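Let me begin by presenting the structure, written as structure tokens, before commenting on it.
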Amino acid sequence: MSAMRSTADVQPALLSIENIYLLIGFVVLFLVIKTLQDKHHPKRLTTALFWGLFGSVFLFGDLSLTYLGESLTYRWVGVFVILIAVLAGMGKVSMGHYDIPSEEEQTASATRIGNRLFIPAVLIPIVTVICTIVLKDIQIGGLFVFDQSHVTLAALTLACTIALLVSWKFTGGSPVQALGESRRLVDSIGWAAILPQMLAMLGGVFIVSNTGTAIQDLVTLFVSPDNRFMLVVIYCVGMALFTMVMGNAFAAFPVMTAGIAVPFLIQGHGASAAPLVAIGMYSGYCGTLMTPMAANFNIVPAALLDLKDKYQVIKVQIPTALSLLAINILLMYGVIFND
Amino acid sequence: MSELNFLPLSGILVVILGFALRFNPLLVVTCAGIVTGWAVDLDFLTMLETFGEKFLNSRQLASFLLLLPVIAILERYGLQQHAKSWIASIKGATTARIMSVYFVVRECSAALGLINLAGQPQTVRPLLAPMALGAASNLHGELPKPVRDLISAHAAACDNIAVFFGEDIFIAFGAVLLMDAFLRENGITGIEPLHIGLWAIPTAIAALIVHLFRLARLEAKIRAQVALHAEQSQSDAQSPVTREELA
């Protein structure tokens with residue numbers, strides 16, 4: 001579910017994952033300073049503290065792992081995480097005050113710069129994909145440019161840097177100014193930026209606590225092993241529901257598949273495994289479309305797009321998600337049984 | 001044999017209750033973790049270490065923060081305005097058509113493994129949503145806030161649905177590898193990632209059909225909502241019959 005820290009085959013790289021985390025840490029630190037300088041911010045100190053705690057996990061996390069060891073590092077990060085949650089829970093994190101040029105000024109510069117405004121935005125995906133596919137193992141002086149176990153992330157980092165420089169050339173707005181401007185976006189996303197990591201953490205606690213086994217036990221109470229159609233329904237709906245709780249189909253998949261699909265459908269009724277797991281995973285994705293826990297997909301965009309209703313993206317997705325869940329159930333029932 | 005232990009599920013209950021009562025999700029999730037740990041007698045330091053370990057090891061999830069400076073600076077210099085006026089210069093570009101083309105391109109490219117070609121911060125906010133809004137205001141003039149929100153939410157949904165149901169076709173994608181590894185671990189052999197990818201295709205096609213159908217109907221919905229809003233703001237003394245016809 002989460003990336004494993006492998007110590008065996010770490011090859012040094014220019015854009016290593018540690019350096020990328022440091023970079024993110026510096027970006028967040030810059031935002032914290034900007035927040036502290038924002039005299040009209042209604043919750044200046046607590047908002048700065050919130051992001052400061054978050055940023056320090058990126059700035060000092062790897063250093064601390066090296067010098068303080070795993071156990072101590074995990075503990076202070078754990079404490080910081082709880083503080084972050086308390087600050088957000090008490091409503092101490094908010095938007096600040098930003099200098100936004102008027103609509104007329106924006107339109108005027110849009111007319112001046114024209115289609116060149118699109119170029120940096122389009123460069124990000126193109127550079128990322130080219131680096132991921134073609135340039136992934138280039139080296140400079142024997143040093144890999146991209147972290148070999150996080151090529152996409154390293155490529156994305158390079159692409160953002162290039163796009164930032166190209167934007168500077170076309171708009172005249174420097175990277176430092178760009179960082180300052182991004183505070184508006186980061187603040188509008190707010191706590192939702194951190195939710196995915198919190199969920200990974202909850203998933204970890206669930207694994208340690210054997211929550212998966214308890215769910216299997218619970219589900220098997222409702223299963224009658226002979227009714228094929230109901231088994232399919234329970235597997236698909238169970239995938240969707242558990243994904244909604246966890247915000248991630250990958251977390252639900254092993255639990256529901258080991259609990260229902262393998263014993264009852266594959267071993268019990270000889271179902272074909274390939275369509276079973278493929279369609280089962282997609283049933284989980286239907287759940288992803290319907291849950292606020294999948295913050296990156298459902299809540300962050302609502303903030304980015306300035307929607308009045310934070311749940312509107314979910315509401316728009318529900319009809320498609322439910323239709324596809326029904327289709328998945330029928331499709332699975334139709335194709336997995338061979339007799 | 002049936003020694004059922006449901007204490008580990010207490011965290012799930014906290015999640016559901018916390019969301020129902022509209023507490024801040026960060027607080028809800030952290031409390032769910034603490035409650036679960038407490039319910040299964042995990043000692044506090046072990047729990048703290050689990051929190052810290054998982055939070056540290058999932059830092060890559062915050063990498064989208066690196067995209068925001070680029071988007072922010074382009075927006076300051078009028079990216080959204082330019083996206084709108086650019087789309088206005090293309091004849092026949094409607095909200096539904098723009099989103100349908102985006103959906104098809106996004107799903108097909110995801111199926112080919114180009115998952116990072118687009119996304120919420122990098123394409124939906126700066127490009128797709130303004131273009132869809134631009135096309136609608138071309139047709140209907142100034143759009144009321146509820147209609148703008150409807151279109152923007154559809155733009156976000158369009159990206160999510162297209163990428164989710166495209167990506168599992170690509171055999172080197174994490175989900176496919178996860179399923180493959182799971183089957184191996186459970187002693188089910190003879191399945192290749194390619195089989196799993198192939199069986200993702202029917203649902204991917206169903207997603208395409210269902211969502212394009214919904215997008216095709218979006219245009220009429222926008223028209224109705226704009227008309228309804230215009231009528232409401234024009235005068236409250238309109239006959240209720242017309243309003244019902246429009247709704």
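The values are calculated or read from the model by the stated rules, or taken from the named source; none is laboratory data. This is a predicted model, so every value here is computed, not measured. With ideal geometry, Cβ positions are generated from the backbone for all residues, glycine too; neighbour counts draw on all protein chains shown.
Which of the residues that make up region B:163-189 are within 23 Å of the chain's Cα centre (by Cα), of a type outside the set (D, E, K, R), buried (at least 16 other Cβ atoms within 10 Å of the Cβ) and not in a loop (DSSP other than H, G, I, E, B)?
B:VAL163, B:PHE164, B:PHE165, B:GLY166, B:ALA175, B:VAL176, B:LEU178, B:MET179
Residues of region A:63-89 being over 22 Å from A:HIS40 (Cβ atoms), among the aliphatic types (A, V, I, L, M), buried (at least 17 other Cβ atoms within 10 Å of the Cβ) and more than 7 Å from every other protein chain (Cβ to nearest Cβ), which ones?
A:LEU65
Tell me the residue from B:ALA110, B:ALA93 that is in a loop (DSSP other than H, G, I, E, B), touching a helix residue (DSSP H, G or I) at 6+ places or on another chain (Cβ under 6 Å) and more than 27 Å from A:ALA85 (Cα to Cα), please.
B:ALA93
Could you check how many residues of region B:147-164 are touching an Asp or Glu at 6+ places or on another chain (Cβ under 9 Å), touching a residue at least 24 places away in the same chain (Cβ under 8 Å) and either under 17 Å from A:LYS308 (Cβ atoms) or more than 7 Å from chain A (Cβ to nearest Cβ) (or both)?
Qualifying residue count for the region: 2.
Would you call A:LYS92 at pLDDT 90 or above, within 24 Å of the chain's Cα centre (by Cα), more than 9 Å from chain B (Cβ to nearest Cβ) and not in a helix (DSSP H, G or I)? Reasoning before the result, please.
Working: at pLDDT 90 or above: yes; within 24 Å of the chain's Cα centre (by Cα): yes; more than 9 Å from chain B (Cβ to nearest Cβ): yes; not in a helix (DSSP H, G or I): yes.
Here the answer is yes, as A:LYS92 does meet what is asked.
Just name the residue that is nearest to the chain's Cα centre (by Cα) out of those in region A:181-230 that are of a type in the set (Phe, Trp, Tyr) and within 26 Å of A:ILE299 (Cβ to Cβ). Talk me through it step by step, then tell me what you get.
Applying the first criterion (of a type in the set (Phe, Trp, Tyr)) to region A:181-230 yields A:191, A:206, A:222, A:229.
Of the ones still in play, those that are also within 26 Å of A:ILE299 (Cβ to Cβ) are A:191, A:206.
Numbers: A:TRP191: 13, A:PHE206: 19 Å.
The extreme case among them is A:TRP191.
Could you tell me whether B:ALA132 is away from chain A (no Cβ under 13 Å), modelled with pLDDT of 90 or more and crowded, with 22+ Cβ neighbours inside 10 Å?
The answer is no for B:ALA132.
Inspect region B:79-93 for any residue being modelled with pLDDT of 85 or more, at negative phi and of a type in the set (Ser, Thr, Tyr) and give the result as yes or no.
No, region B:79-93 contains no residue that is modelled with pLDDT of 85 or more, at negative phi and of a type in the set (Ser, Thr, Tyr).
A quick yes/no check of all residues on (1) of a type in the set (D, E, K, R); (2) surrounded by fewer than 24 Cβ atoms within 10 Å (Cβ to Cβ); (3) at the interface with chain B (Cβ under 7 Å from one of its Cβ atoms); (4) touching a Cys at 6+ places or on another chain (Cβ under 9 Å):
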| site | (1), (2), (3), (4) |
| --- | --- |
| A:SER174 | no, yes, no, no |
| A:LEU179 | no, yes, yes, no |
| A:LEU185 | no, yes, yes, no |
| A:SER188 | no, yes, no, no |
| A:MET198 | no, no, yes, no |
| A:VAL208 | no, yes, yes, no |
| A:THR213 | no, yes, no, no |
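Among residues belonging to region A:299-331 that are surrounded by fewer than 21 Cβ atoms within 10 Å (Cβ to Cβ) and of a type in the set (Ser, Thr, Tyr), point out the one that is nearest to the other protein chains (Cβ to nearest Cβ).
A:SER323
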